[in-house]
Amino acid sequence: MITQVVPHIDATDTIVSDFRAALTASAPDTIANFTSLEGYIVGRIFIKALRELKGPVTRESVVGALEQLGDFELRFGRSRLRITSTDHQACHTIWPTVIRDGAVVPLAWTEFVNLRELRDNAGH
């Protein structure tokens, strides 16, 4: 099992659809992956903060704008994001995946419980 900090790249979340459309438009031969999706999301957060920024763009003003975002939505579906002066981890959701037949595929939390039962029953 692998825990991801972003939804699966084939998920139906709007943020993933936005990412895939942007990737197709800007680099149609590039294969989507979790790293590029995470970078896209970070970029969207950064742009949101820049739009809120008042005055000159400095390191301090960008940090301040990010920390002022508080609770916000970025088309993640049910997962809201939050950045404050004391919490810089925008998303506190994780998405479990597993490798099946050489591919990283989503794992529902209910499947995780079943995997744990299999492990326990196998005496591990």
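The values are calculated or read from the model by the stated rules, or taken from the named source; none is laboratory data. Everything numeric in this text was worked out from a predicted model, so none of it was measured. Here Cβ is always computed from backbone atoms with ideal geometry, including for glycine, and neighbour counts include all displayed protein chains. When the accessible area is computed, the model is the full protein with side chains, heavy atoms only, and any ligands, DNA or RNA have been set aside. Shrake-Rupley method; radii C 1.70, N 1.55, O 1.52, S 1.80 Å.
List of remarks:
- When residues of the stretch 93-109 are limited to those that are open to solvent by 50 Å² or more (accessible area, probe 1.4 Å) and in contact (Cβ under 8 Å) with a residue 12 or more places away in the chain, the one farthest from L81 (Cα to Cα): I99
- The stretch 19-37, residues that are under 16 Å from the mean Cα position of the chain (by Cα) and under 25 Å from I99 (Cα atoms): F19, R20, L23, A32, N33, F34, T35, S36, L37
- Of the residues making up the stretch 34-83, those that are open to solvent by 30 Å² or more (accessible area, probe 1.4 Å), touching a strand residue (DSSP E or B) at 6+ places or on another chain (Cβ under 9 Å) and without any contact (Cβ under 8 Å) to a residue 40 or more places away in the chain number 9.
- Scanning the stretch 24-59 for residues being touching a helix residue (DSSP H, G or I) at 6+ places or on another chain (Cβ under 7 Å), among the hydrophobic types (A, V, I, L, M, F, W, C) and over 18 Å from H88 (Cα atoms) gives a total of 2.
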